Amino acid sequence: MKKYIVFILSLILLYTGVQLLSGWVLTTLYAPDISAVNTRSGEESVFELSPTIQLLGVVLVATLAYFISQRSIVVISNRGPRT
């Protein structure tokens, strides 16, 4: 159960970090097209990622979380009991 909790916490933290980083990059690189402002009708999404790319991101974050959780469990178990 301890491994699961460490893994889930690592996954949540890494996923949040990746989402914040990708949002920051997309916001930084966005250059609005001023000439097309009046030609658009209604609202439309500017950035859309395919489900495949989103899945790859989640798999990457889950893999990193797994390795971090395994490493932290090894570090914790190497400390031994406190006296």
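Among the residues of the stretch 16-34, those that are open to solvent by less than 100 Å² (accessible area, probe 1.4 Å) and modelled with pLDDT under 80 comprise PRO32, ASP33.
Beta carbons closer than 6 Å, at least 6 apart along the sequence or on distinct chains, pair a first residue in the stretch 13-37 that is closer than 20 Å to GLN54 by Cα with a second that is open to solvent by 100 Å² or more (accessible area, probe 1.4 Å) and in a loop (DSSP other than H, G, I, E, B) for LEU26/PHE47.
Inclusion of THR39 among residues that are at pLDDT 75 or above and of a type in the set (Ser, Thr, Tyr) is not warranted.
The values are calculated or read from the model by the stated rules, or taken from the named source; none is laboratory data. None of these values were measured; they are calculated from a predicted model. Cβ atoms come from the backbone with ideal geometry, glycine included; neighbour counts cover every protein chain shown. When the accessible area is computed, the model is the full protein with side chains, heavy atoms only, and any ligands, DNA or RNA have been set aside. Shrake-Rupley method; radii C 1.70, N 1.55, O 1.52, S 1.80 Å.
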